[in-house]
Amino acid sequence: MAYHFGVMEVLEDRGFVLRAGFRDRGQPRETGPPGIDLAVGSSAGAFFVTAACAGLRPEDLVGTLEDDGARARFQPRFLGEGKGLTRKTLEWAREGPKASWSLRRTWKSWAAESTLNVLFPLWTLEPMGEYLRDEVLKGRDWEDLRTEAAILAVDLNHPVTLIAGEREDPILELFRRQPVRPEAIHLILGSEGRKIADAFEEAGVDPADPVLAPFRANPLTRNATLRVRGVPMARAAIGSMATYPFYHAVTLQRADGAPYRLGHYTVQVVDGEDRNPFTTDVAEESGCDLVIVSSISAPYKYLHGFGSLAERGYSAMHQQKTAQSRDAKQEDVMQAHRVQHALFRASREILESLDCGPEATDRLHELFQRLAGIDHVRLRIYPDPDIAAENRILRTLDPLEFTPKAVTRALDLGRMVARRVLAGYRFEFLERG
């Protein structure tokens, strides 16, 4: 959380402005440079997007731990219900076994599952949700922010990332409006375009319906994201932060407290970074030309003389495992982008050498832009383990050390990395402004 605040501070120094705070719902949003038009958050970034868009500053985050009268008092207990694991374990033990007999194949598996749930209960982020709703957002929501925001959370029961915010995919409105069987929602979640279009056409939807056009145009493309509307921002944020094995999955709710449902099932979500560590596609599909990615996920390089992460215990090993996993996903994304740009350049050179004319080149450009997003500029701001100063701070970060000193170290790392990355770019549109 603090790392992103450090990055944001340097971005503001370079001229980028996050329009923080609230507006009247009838008041139009201010857009265009030098302002940031869309803030997308995932995992700890979901907390950052919620807090930063609501107007919190880095000093508020540190000040809450020092008890110096910061305006939105944050307490470490918000990271887990109660005042300790012992109290939490007793609460869960009183509630009895969690495993359902009907879902177990044998009494032994039921007994083992129930025992594990009682002895090793997952923490809950409900206190964090109350803090964000009451202290940070003060009862306001997405539509009240001066900057549009979106939060990513992974559907626990389907291979799809849900994008919570003010927008909703038209396919959901079509699903509610047409007499489509409830089970068809499962085809929407993570399936290929051809399967989705076929399911609606079988239900009597006009094949020429414009909502189905994108699925027919890309019949083999899996639809791994779905925009949803109606989930309060604070609820979406804790859903995006529900990192297993620390936290229990979060059941999404509507503003009135009723469970958020897609078709006939209640949606439960976990950490938004489990499937999408970069979130760039969300910004690109929303029409952003320049996408700035802030990520702290980078694998440590714990060299000889510094000991082993295994010796530091569970939290260090867990953080290293997740950092390596997300780093691998990020490398895959970056490699795909490099390949797409290279393919476009090579294809264009072939067309030009064959004198195919500007029309063919325009069609090629349109295809690559639609499928690969080649016109979007991405800046990635994340630590480089090969840089000694950054690696030194990375090694000292402990997710379970929540003190002013630890938060300040993360802020300093964000500032350091952002200055290094941004030093390699000029932003002419900011200079003209």
Take segment 267-301 and flag every residue that is part of a loop (DSSP other than H, G, I, E, B), more than 18 Å from residue 46 (Cα to Cα) and charged (D, E, K, R).
289, 301
Just to be sure, is residue 308 modelled with pLDDT under 80, among the polar types (S, T, N, Q), farther than 18 Å from residue 42 by Cα and under 27 Å from the mean Cα position of the chain (by Cα)?
no
Take segment 382-433 and flag every residue that is in a helix (DSSP H, G or I), out of contact with any strand residue (DSSP E or B) (no Cβ under 7 Å at 6 or more places or on another chain) and of a type in the set (A, V, I, L, M).
388, 389, 393, 394, 406, 407, 410, 411, 413, 416, 422, 430
Of the residues that make up segment 376-398, is at least one open to solvent by 70 Å² or more (accessible area, probe 1.4 Å), touching a residue at least 24 places away in the same chain (Cβ under 8 Å), under 19 Å from residue 292 (Cβ atoms) and within 21 Å of the chain's Cα centre (by Cα)?
yes
Residues located in segment 352-375, provided they are among the charged types (D, E, K, R), without any contact (Cβ under 8 Å) to a residue 40 or more places away in the chain and not in a helix (DSSP H, G or I)
355
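Yes/no per residue for (1) closer than 28 Å to residue 153 by Cβ; (2) in contact (Cβ under 8 Å) with a residue 40 or more places away in the chain; (3) of a type in the set (A, V, I, L, M, F, W, C); (4) surrounded by 16 or more Cβ atoms within 10 Å (Cβ to Cβ):
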position: 177; (1), (2), (3), (4): yes, no, no, no
position: 190; (1), (2), (3), (4): yes, no, no, yes
position: 202; (1), (2), (3), (4): no, no, no, no
position: 207; (1), (2), (3), (4): no, no, no, no
position: 213; (1), (2), (3), (4): yes, no, yes, no
Boolean, residue 203 is closer than 19 Å to residue 255 by Cα and among the aliphatic types (A, V, I, L, M)
no
Residues of segment 215-251 satisfying the condition of being surrounded by fewer than 17 Cβ atoms within 10 Å (Cβ to Cβ) and part of a helix (DSSP H, G or I):
216, 217
Matching residues, segment 132-176, being of a type in the set (Lys, Arg) and either in a helix (DSSP H, G or I) or touching a helix residue (DSSP H, G or I) at 6+ places or on another chain (Cβ under 6 Å) (or both):
133, 176
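The values are calculated or read from the model by the stated rules, or taken from the named source; none is laboratory data. Only a predicted model underlies this, so the values are computations on that prediction, with no experimental measurement involved. Note that we place each Cβ from the backbone using ideal geometry, even for glycine, and neighbour counts take in every protein chain shown. Each accessible area value is taken on the protein alone, full model and side chains, heavy atoms only, with ligands, DNA and RNA left out. Shrake-Rupley method; radii C 1.70, N 1.55, O 1.52, S 1.80 Å.
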